[in-house]
Amino acid sequence: MNYFKSYRILFFLILFSSVFYVPSNIQLIAQAGEGCTTKGCHMGISDIVPERLEMMQLIKKNGQRHGDMDGCIICHGGNPNTKRKKKAHRSIPPSLMKAAGPKAFYKNPGDLKIAKNTCGVCHPGYVYRVERSLMNTAAGQIQASLHAWGIEAVKDGQTPYGNYAVIDSDGPIPMGASKAYDSYMSAMIRQYPDQYPESLSPFPLPIASQIEKDHQLAGFELQRQKCQRCHLGVEGRNKKGDFRGSGCSACHMQYGEDGFYKGSDDSIPKDTAGHILTHQIKGNRKTGGIQVNTCNACHNGGKSVGISYAGLMESAIEEIGLDNPMTKNGKTYLKLSADLHHRGPNSNPNNKHDSPANNTQTGLLCQDCHTSMDIHGDGNIAGSTLAQVEIECTDCHGTPDKLPWELALGYGDESGKTLSLSPRGLTTQKLLSQRQFGFDFDPKNGFLLSARGNPMENVVLSQNSVIVYSAKGNDFKVPLLKQINSRKAWKTDMAKTAMASVKYHTRKMECYACHSTWASQPYGSRVKVKLQTKKAPLIETRHVYLRWEDPVLGINGEGNISPLAPGGQVEYTIIGKNNTVLAQDILPQSPSAIKTAEQTYPLSASDTAPVQPHTTQRKARACENCHASPKTAGLGSPYVPKDAFDWSKIITGQGMQLVTVGTQWPLSKAFDKTQLDGFLRIGTCAGCHKEMDQGFWKKISTKGILDQADHNKLMNHTIKQLIQKP
């Protein structure tokens, strides 16, 4: 602990003396005016972080160097020596012009266009990382969306487009990571270069005459109009549940769902929507965690994992009134089971509504699991979620055979790699950025490592327990599967069978394949594009149907069995400028066959993609729910009429893949014929034999031991013997 404190003091001394250095020939204006918080201006506004923190003390000391007792100009710029609003919100002191910091007045200092002069001054490297992260570029979402239209430029997982023109100017070495992470990711980038592009270009915007000639180009316009409302370059739409700033402020400045200001600054109206909740940065335990609702201002579309985590699912029931608490983001939601991690350890597992969607007291925040690399990126351009996210369930829970630190680096993140047999171990050393800006968590016996080798600064081994320190102040003890197995403390025999006896489950399946009992499934998107002269096309979209039950399973980009959910599934109609129908109800084809499908014919571009639904429950899906379910196997839903198109069908009974399964990683696919037959064959046995030991399952999974005819003969003999008993 002393080391961390000494390091931070040294860091702030260096920062104070160099980054905010003011040349001696510049006259300082300390105490020249009353500052921004004078009466009639921003009197009553709170400090951006509590004054007890070194950050706030440093901000105020440096503000004094430029004539601002409050330190406001260190982030916002502006002139603190006038009470005239226009003048105060326009210029900056001459001393600040020649020092590191704002060069004008910034209403939102977190805007990425100017963040190098604000947040980036104290947080070096972060702006570069965030600019290349998925939350800014949306590269993966753009790639998948355009693939659904059959756009040639994104075939075979290529990722050429982002929201902005971005170049990875410092090369493929990550920023601010551990040596183990650097080595791991260097190998990953060499293996999958399309998922870590060196640059991105803004996607083109074709005009109406171009769309008339090539209808698939309408996909670019749909992307612009309907899919680009959530990235760090834009603010929210000022609707219920969709109030947010841009850039760094999107996450670190909290808004209420109604957009009303709750602070004490009299100059900010409290009856007009569109303002921050309070003038306070949110980050870690020092300043309070980033609430789930803040994340869900954006993470409510696509596969909807953010709102799913909170137990909400988009509904087609539009007649529910706008005042209903389940109506926000311009959508209506149904309440389902929130993720166990969101509900917290004291929730009632038998009550699916135990924790409301705005939970702020019991469970984990998104940032408690997702690391800085997951969120800010590592300085490399990521082409998909799998490219950027470094964590796995086993990083905290381990397996029934190994504790987390006994696992090899890369476990659960194999993606076709051969892993070392060496255990990843623990560390007492944080990353540099964690030492500079993180919370001083006691490492106890050591910090656990992510699957890619970075220390998780809020997850520690304490004697024989793993503790997760939540950013909102709670500490959580993590169940370790190896301890449960060795103590024979499984809740049910079925749990023991599924997790300990059947080794294949933990070796080749994602934990959430079983423990995600539901997933948001918005099937099919019917798109109507009306071309106009000299105006942008009019675009209408609607889902064909929405489902939540029995998620389909398939293979994800890591090569493991995973839930699948609708990705881009488009059926489009194009209306020309003279109201003629140019194309009607067209299902685009994939521009090329997916290599891992091992077939030469084109697939449908309709994508059913691997997903982590973020709906983890204590009680997993029953064996029959997977192994005896045609829908789960990808064969389609029995509830879809025979004469209707089944968007959930991704494979035939002969193992022919019909649609795209993931558009980015070559290992993702539907079950092949051998996997499909084995998957369903187990369903024949599981209904009666699901609690058998490992020897039984190993025996029957051996080819040639017992076929269906032998099984029927044995069952007939057993039943006859039973009937003949007196």
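The values are calculated or read from the model by the stated rules, or taken from the named source; none is laboratory data. Keep in mind it's a predicted model, so treat the numbers as computed, not measured. Virtual Cβ from ideal backbone geometry, glycine too; neighbours counted across all protein chains shown. Accessible surface is based on the protein model in full, side chains and every heavy atom, while ligands, DNA and RNA are left aside. Shrake-Rupley method; radii C 1.70, N 1.55, O 1.52, S 1.80 Å.
A few remarks follow.
- Residues of region 478-499 include none that is among the hydroxyl-bearing types (S, T, Y), part of a strand (DSSP E or B) and either open to solvent by 20 Å² or more (accessible area, probe 1.4 Å) or in contact with a His (Cβ under 8 Å, 6 or more places away or on another chain) (or both).
- Close pairs from region 203-214: first open to solvent by 70 Å² or more (accessible area, probe 1.4 Å), partner in a helix (DSSP H, G or I), Cβ under 8 Å, at least 6 apart: L205/F220; L205/E221; L205/R224; Q210/L217
- Residues that are surrounded by 19 or more Cβ atoms within 10 Å (Cβ to Cβ), within 30 Å of T137 (Cβ to Cβ) and not small (G, A, S), drawn from region 405-423: L409, Y411, D413
- Positions within region 506-518 being open to solvent by less than 50 Å² (accessible area, probe 1.4 Å) and out of contact with any Ser or Thr (no Cβ under 9 Å at 6 or more places or on another chain), in sequence order: C514
- Of all residues in region 95-108, those satisfying the criterion of being crowded, with 17+ Cβ neighbours inside 10 Å and not hydrophobic (A, V, I, L, M, F, W, C) are S95, G101, P102, Y106, N108.
- Filter pass, K402 being modelled with pLDDT of 95 or more and surrounded by fewer than 19 Cβ atoms within 10 Å (Cβ to Cβ): yes
- Qualifying residue in region 606-628 (condition: within 15 Å of F679 (Cβ to Cβ), among the polar types (S, T, N, Q) and outside any loop (DSSP other than H, G, I, E, B)): yes
- Some residue of region 529-549 being polar (S, T, N, Q), crowded, with 21+ Cβ neighbours inside 10 Å and on the phi < 0 side of the Ramachandran plot: no
- The number of residues in region 250-261 being assigned to a loop (DSSP other than H, G, I, E, B), at pLDDT 95 or above and surrounded by fewer than 19 Cβ atoms within 10 Å (Cβ to Cβ) comes to 1.
- All positions within region 441-469 that are open to solvent by less than 20 Å² (accessible area, probe 1.4 Å), polar (S, T, N, Q) and under 28 Å from R621 (Cα atoms): S450
Per-residue answers, yes or no, for (1) closer than 30 Å to L538 by Cβ; (2) assigned to a loop (DSSP other than H, G, I, E, B); (3) in contact with a strand residue (DSSP E or B) (Cβ under 8 Å, 6 or more places away or on another chain):
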position: V130; (1), (2), (3): no, no, no
position: Q141; (1), (2), (3): yes, no, no
position: G176; (1), (2), (3): no, yes, no
position: D182; (1), (2), (3): no, no, no
position: M185; (1), (2), (3): no, no, no
position: L200; (1), (2), (3): yes, no, yes
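- Scanning region 483-527 for residues that are under 28 Å from the mean Cα position of the chain (by Cα) and of a type in the set (K, R) yields R507, K508, R526.
Residue-by-condition table, conditions (1) of a type outside the set (A, V, I, L, M, F, W, C); (2) at pLDDT 95 or above:
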position: L531; (1), (2): no, yes
position: Y545; (1), (2): yes, no
position: A597; (1), (2): no, no
position: P610; (1), (2): yes, yes
position: T616; (1), (2): yes, yes
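- Test: residue in region 102-124 that is on the phi > 0 side of the Ramachandran plot, in a loop (DSSP other than H, G, I, E, B) and either free of Cβ contacts under 8 Å to residues at least 12 places away in the same chain or not hydrophobic (A, V, I, L, M, F, W, C) (or both): no
- Within region 673-688, the presence of a residue that is at pLDDT 85 or above, in contact with a Gly (Cβ under 6 Å, 6 or more places away or on another chain), within 30 Å of Q569 (Cβ to Cβ) and of a type in the set (S, T, Y) is excluded.
- Among residues of region 162-174, those that are surrounded by 20 or more Cβ atoms within 10 Å (Cβ to Cβ) and more than 20 Å from A138 (Cβ to Cβ), counted: 1
- Residue within region 46-61 that is within 20 Å of S267 (Cβ to Cβ), among the polar types (S, T, N, Q), over 34 Å from the mean Cα position of the chain (by Cα) and surrounded by fewer than 19 Cβ atoms within 10 Å (Cβ to Cβ) present: no
- Of all residues making up region 183-202, the number that are farther than 17 Å from K417 by Cα and open to solvent by less than 20 Å² (accessible area, probe 1.4 Å): 2
- Every residue from region 109-128 that is open to solvent by less than 30 Å² (accessible area, probe 1.4 Å) and either more than 21 Å from F203 (Cα to Cα) or among the β-branched types (V, I, T) (or both): P109, G110, A115, T118, G120, V121, G125, V127
- The one condition from (1) modelled with pLDDT under 95; (2) in contact with a strand residue (DSSP E or B) (Cβ under 9 Å, 6 or more places away or on another chain); (3) not in a loop (DSSP other than H, G, I, E, B) that Y164 does not meet is (3).
- Any hit, region 699-715, residues being at pLDDT below 95 and crowded, with 18+ Cβ neighbours inside 10 Å: no
- Filtered residue count, region 636-671, keeping only those that are part of a loop (DSSP other than H, G, I, E, B), aliphatic (A, V, I, L, M) and in contact (Cβ under 8 Å) with a residue 40 or more places away in the chain: 6
- Within region 454-475, tally of residues that are within 15 Å of E406 (Cβ to Cβ) and either part of a loop (DSSP other than H, G, I, E, B) or in contact with a Ser or Thr (Cβ under 6 Å, 6 or more places away or on another chain) (or both): 1
- Filtered residues of region 226-249 (kept if open to solvent by 50 Å² or more (accessible area, probe 1.4 Å), part of a loop (DSSP other than H, G, I, E, B) and touching a strand residue (DSSP E or B) at 6+ places or on another chain (Cβ under 9 Å)): R229, K240
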